[in-house]
Amino acid sequence: MYIYGHRFIESENFYHVTNIDAILNTPSNGAIYLDFSEDNLEIIKHTVSNEIILALGATTITEIIYASSLGASFIVVPKELSKTAQNIANNYLFDAKILIHITEEAEIEELAILGVDGVIFSNAIIKINS
């Protein structure tokens, strides 16, 4: 299980950007985080075409499918979608890993039992301004 942003475990950060120019203010090997939105399609396509690791936040099943089809490396979903998202990813053999956004350490055990790929705490997502 992947764990991002836990105080005991060293992990990479994800950089939440609002435009392509903001990517220049992130580490060269850093992962970009975006919420799935039609407004972000240009940034999404830019990251994928430039082989930048992309994590897309998705809040619906349709957005999960789009995120995989668009080439996201990680798909970040709320806990309510964890089982469904992981089942879809397993069924369709997604290359993307499913990460569940959590706030409490106690959620890790429950999600591990469900077999999700990983969890992410909010502090692993760093907002970058251009």
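Some notes on this structure:
- Listed cross-link partners 45/83; 45/79; 79/127 are compared with a 25 Å cut-off, the Cα-Cα value being larger for 45/83; 45/79.
- Diagonalising the gyration tensor over the Cα atoms of segment 79-125 and scaling each eigenvalue by 5 before taking the square root yields semi-axes of 19, 12, 8 Å, largest first.
- Think of it as helices only: each DSSP H run of n ≥ 4 in the chain is worth -39500 (n - 2.57), and spread over all residues that comes to -8000 deg cm²/dmol at 222 nm.
- Listed residue (34, 94, 14) projecting farthest to the positive dipole end of the chain, Cβ model: 94
- Highest to lowest packing among 74-80, 118-124, scored as the average C-beta count within 10 Å: 74-80, 118-124
- Inter-part distance where segment 74-93 and segment 11-59 are each reduced to a Cα centre, Å: 20
- Taking the C-alpha atoms only, the angle from helix 82-91 to the longest principal axis of the chain is near 80 degrees.
- Values of log10 I(q)/I(0), in the order q = 0.17, 0.21 Å⁻¹, for the chain under a Debye, Cα-only, solvent-free model: -0.83, -1.24
Each reported figure results from applying straightforward, stated rules to the coordinates on display, with no laboratory input. It should be emphasised that the depicted structure is a prediction, and the values quoted were computed from it without experimental measurement. For neighbour counting, all protein chains shown are included, and Cβ atoms are generated from backbone atoms with ideal geometry for every residue, glycine included.
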